[in-house]
1. Using a cut-off of 18 Å between alpha-carbon atoms, which aspartates and glutamates can reach K4, once sequence neighbours fewer than 8 places away in the same chain are excluded?
2. Can you compute 3J(HN,Hα) from phi for each residue in region 195-212, using the Karplus curve 6.51 cos²θ - 1.76 cosθ + 1.60 with θ = phi - 60°, rounded to whole Hz and x for Gly and Pro?
3. At a threshold of 8 angstrom on Cα-Cα distance, excluding pairs fewer than six apart, so keeping six or more, what relative contact order does region 123-205 reach in percent?
4. Under 8 Å for C-alpha pairs, at least 6 residues apart: give me the relative contact order for region 57-155, rounded to a whole percent.
5. Which order do the peptides 145-158, 198-211, 177-190 come out in when sorted by mean C-beta neighbours inside 10 angstrom, highest first?
6. Report the net charge of residues surrounding K199, where surrounding means a beta-carbon distance below 13 angstrom and charges are Lys +1, Arg +1, Asp -1, Glu -1.
7. Which whole-Hz ³J(HN,Hα) couplings does region 145-156 yield from phi under the Karplus relation 6.51 cos²θ - 1.76 cosθ + 1.60, θ = phi - 60°, glycine and proline marked x?
8. With a sphere of radius 12 Å drawn around the Cβ of L120, what net charge do the other residues whose Cβ falls strictly inside it have (Lys, Arg +1; Asp, Glu -1)?
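The numbers here are math on the coordinates, done by the rules we state, and not lab data. These numbers were taken from a predicted model, which means no experiment stands behind them. We place every Cβ from the backbone using ideal geometry, glycine too, and count neighbours over all the protein chains shown.
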Amino acid sequence: MMIKICGVRTPDHALTAVEAGADMLGLVFASSRRQVSVEEAASIADSARLAAIDRGRPIVVVGVFVNETVERIRDIARFCGLDGVQLSGDEPVIYADHLSPLLVIKAIRFDDTAEERTWLAHDWSHVRLLVDARVPGSYGGAGVVADWGRAAELARWRPLILAGGLTPENVADAVARVRPWGVDVSSGVESNGVKDHGKIRAFIAAARAAAL
């Protein structure tokens, strides 16, 4: 199972995540308190990759975008050397083709929009769906638990990443109930709005143990 630590803002927190066994790091380029510049992101990505080499296991660096243009996403992906992109807004399904061969993670919230139904109807080898909580006015990172029941139904036929309100305390239960391809956490490993080294380690350990 893949474990993604999202909203990383410093090389220090990225190193903790890599050393603790994270598989993916999320760097937020959308407007957010977790937003990083392309220069900051490139530095974080470089530090994470060097640490991953020492660990002997690759790290997947993902850029998180909300309603950004394909051209801008591509430019940032090239500059930072991103391995994947996460689309957390209302992006049309054609983005999947335009962004190939990058890994594309598309956030869905079971809001039954026409665009979401289209994403659910298509399946590509380079696309993973990320199930997040539906919070009016929020595109993620709100700390609200997603619909695990519907996520579990979807996970039976599509590899998905479960996000939304996960913490070191509830991730084992989430994994047992949903059986996702991966889990994603941001606010759940923060203290006072800042990534917490201890919580990062605890989350990864709990998720990894639950996946055995």
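1. D12, E19, D23, D46, D83, D132, E169, D173, D184, E190, D196
2. 3, 10, 4, x, 5, 4, 5, 5, 5, 5, 4, 5, 5, 5, 5, 5, 7, 5
3. It comes to 27 percent, rounded to a whole number.
4. That works out to 21 percent.
5. Highest mean packing first, the order is 177-190, 198-211, 145-158.
6. Net of charged neighbours comes to -1.
7. Whole-Hz 3J(HN,Hα) from phi for region 145-156: 5, 6, 7, 5, x, 5, 5, 5, 5, 5, 5, 6.
8. Value of the local net charge: -1.
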